[in-house]
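Okay, so here's the structure we're looking at.
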Amino acid sequence: MKKIFGYILAAAALTPVMTGCSDYLDVTDETSVSPDNFPTNMTHVDLLLNSAYAGSHQLGLYGYMWFPKFMYLMDHNLDCFGNYDDRSDFLINNVSTDNYYNEKIYGNIMQWIQFANTAIDACDKYEPEAAENELATLHYMKGQALFFRALAYWHAQIYYELESKADAKGFPIIDGVPTSMSEMMPERRSAAECWQFTIDTLEEAITLLKGYNTDKTRVTEWAAKGLLAKCLMQARRTQEAIPVLEDIIHNSGAQLLDYDTYRASFYADEAHEFNKETLFEIDFSKSDKQKGPWGGFTTGSGMQLVMGPWFVNLDTRLTDTDFNNLANGVETVSMFTNSDQWGNNYVHDGNVKRFGFPLGLPPHRVKNPDYDASARVKSQENFGIIMDPAYHAACQAVRDDKTCDPRLFIGAQQSFFDPYIDPRGRTTWIAPSTEANDLGLTAHYYFMIKKFMNLQGSEADTNQSNPSNIPVVRLADIYLLYAEAIASTNPGTALEYVNKVHRRAYGYSPESASPYDYTSLSSATPAAANYPADILAHDVIKYERWAEMWGEGQWWYDVRRYEILENEMGIFDSTRNGSPTYMERCYSLPIPKTEIERYNGKLTQNYNY
């Protein structure tokens, strides 16, 4: 979406200029930007609005760290091959007050709020000077800025509060551009007050965005209503959420994608961006001018280079010794390589089993019976070492017969089975990093993340600037929230909305009964096959929310709302950093020690930290 990102760097650099105290100096330099001469036209306002759009692209958020460094580790979508750094704290849901990544999350969310407030302030300041024919557009712009302030708080609340406790503290409420030191350091209010502030912000945004729904590359009325519904549910205000959810379902025009489009919609294909199912997406586009996110902001995302898979190197030279060792179950040759992506993570085995994958861990690979060492052409068909043919056939049968949830193969890809396009354009197999040799090549399934990856090559081909959009609100999410909201009063309708999502996952029309339909809200789910004691094993709403939005950074929100972290630690009971130990405080992150020090001790620490 180049029209929005054309000014990201300029807008982000400009925003701090506009957020200082207006009376800091009495002398005005008319050749420089200041609150006295900016904004003076709609272009200025739009520039500041672009910075609110850019807020999600910061290094500590979706520009680089959000999924691979903490979110995927906290919700256990992924494990790590090594204990690299402070990210290991997130694997065991026990983060220290001086954790580097936690500091980045907190600081970047604060900056995002600042960017949004600056854009809101610009709209208010320019309005008295605006021409009559500019007012409607100006109000539309303010509605977008308000949405981003709420979205920033949505991210903040989910990490830094514990709303289940009566005395829980929320994120500091900053409702405008600070004009004094005291306004720059507000004390924490209650979690309920913070949710109310976020909800009020969205309700104002909805009023200003009314009727603006044709350009889905921008925030729309339905995007704001979708986020409002999610906030109301997260704040445990279910009855207020129901009419908002029904309004979206019946009036937004959003529809579930058909299965073939759905399964292709997560992988950097512009044909599927801003589709009929999504209400809001965080937009990314490849940048040819900046490699990676290291400049602080980028139009693309650098998250994928951290967790992108390696691949089997078809040019690996194999010897008789290698084959002899292989016959004895020992692999002595390193066949894995990478191309500008690090492969730090693999899908935690607990996810593979929770999707109902019926096979055990893969056996050692074997010599390819069709291998011809004299052949000059290097290809999959003539590579010397392959997955055990019987296991490969069983893996294919799982896919063909749908004996596990097909969404596993939408969100993840299987090492030594799924294809990878190498830098020479040849089809090989994806693989874990060479660190898998240390863990044991048969010790894990080694599925790798697939959602939001570049399936046509490596992150080198995207200039470490991946263009995959990240959905924040989509209709399947709304359907399942609605089912959750009405389950106790209208279980039949709730079950139908769950089945709409479930049918589509198995390739059937959402609108007609299928052989895969659940018969009750407590039917056995695919999780029951391997984890019969799992809370998700006989709770179709919880399971479908986990499975449908797996890999989209949404599950941690649900874990907190359902208060099932102890159950999750039972499923994901072993990580590269040891086993998680349940404590109530693990539902929230600590306020970083550096932030408390900046506040001179006025910022209250979270429960039991």
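The values are calculated or read from the model by the stated rules, or taken from the named source; none is laboratory data. Remember, it's a predicted structure, so these values are computed and weren't measured experimentally. When we count neighbours, we look across all protein chains shown, and the Cβ atoms used for this are built from the backbone with ideal geometry, even at glycine. Surface areas here come from the heavy atoms of the whole protein model, side chains and all, with no ligands, DNA or RNA. Shrake-Rupley method; radii C 1.70, N 1.55, O 1.52, S 1.80 Å.
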**Item:** Qualifying positions in segment 343-365 - surrounded by fewer than 18 Cβ atoms within 10 Å (Cβ to Cβ) and either in contact with a Cys (Cβ under 8 Å, 6 or more places away or on another chain) or touching a residue at least 40 places away in the same chain (Cβ under 8 Å) (or both)
**Value:** PRO358, LEU359, LEU361, PRO363, HIS364
**Complete:** Scanning segment 407-464 for residues that are polar (S, T, N, Q), open to solvent by less than 30 Å² (accessible area, probe 1.4 Å) and over 21 Å from the mean Cα position of the chain (by Cα), the one nearest to PRO309 (Cα to Cα) turns out to be SER433
**Message:** Yes or no: segment 469-491 includes at least one residue that is outside any helix (DSSP H, G or I), crowded, with 21+ Cβ neighbours inside 10 Å and small (Gly, Ala, Ser).
**Reply:** no
**Prompt:** Of everything in segment 332-371 that's of a type in the set (Val, Ile, Thr) and in contact with a strand residue (DSSP E or B) (Cβ under 7 Å, 6 or more places away or on another chain), which residue is farthest from THR319 (Cα to Cα)?
**Reply:** VAL352
**Fill in**
By residue number, the members of segment 317-332 that are assigned to a loop (DSSP other than H, G, I, E, B), touching a residue at least 40 places away in the same chain (Cβ under 8 Å) and closer than 17 Å to ALA436 by Cβ are GLU331
**Request:** State the number of residues belonging to segment 225-247 that are surrounded by fewer than 20 Cβ atoms within 10 Å (Cβ to Cβ) and β-branched (Val, Ile, Thr).
**Result:** 2
**Lone qualifier among TYR557, TYR582, TYR587 - being closer than 27 Å to THR97 by Cα, open to solvent by 40 Å² or more (accessible area, probe 1.4 Å) and not small (Gly, Ala, Ser)** = TYR582
**Request:** Could you tell me which of the residues GLU203, GLU163, GLU187 is more than 21 Å from ASN469 (Cα to Cα) and assigned to a helix (DSSP H, G or I)?
**Result:** GLU203
**Request:** Identify, from the list ILE596, ILE541, ILE571, the residue that is over 15 Å from ASP75 (Cα atoms) and surrounded by 19 or more Cβ atoms within 10 Å (Cβ to Cβ).
**Result:** ILE541
**Asked** Can you name the number of the only condition in (1) in a helix (DSSP H, G or I); (2) farther than 30 Å from ASP349 by Cβ; (3) not aliphatic (A, V, I, L, M) that ASN102 fails?
**Response** (2)
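The rows are residues; the columns are (1) modelled with pLDDT of 95 or more; (2) out of contact with any Gly (no Cβ under 9 Å at 6 or more places or on another chain).
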site	(1), (2)
GLN464	no, no
ILE478	yes, no
GLU484	yes, yes
THR493	yes, yes
ARG503	yes, yes
GLY507	yes, yes
GLU511	yes, yes
PRO515	yes, yes
TYR531	yes, no
**Asked** Quick check: anything in segment 140-151 surrounded by fewer than 18 Cβ atoms within 10 Å (Cβ to Cβ), closer than 17 Å to THR207 by Cβ, in contact (Cβ under 8 Å) with a residue 12 or more places away in the chain and not hydroxyl-bearing (Ser, Thr, Tyr)?
**Response** no
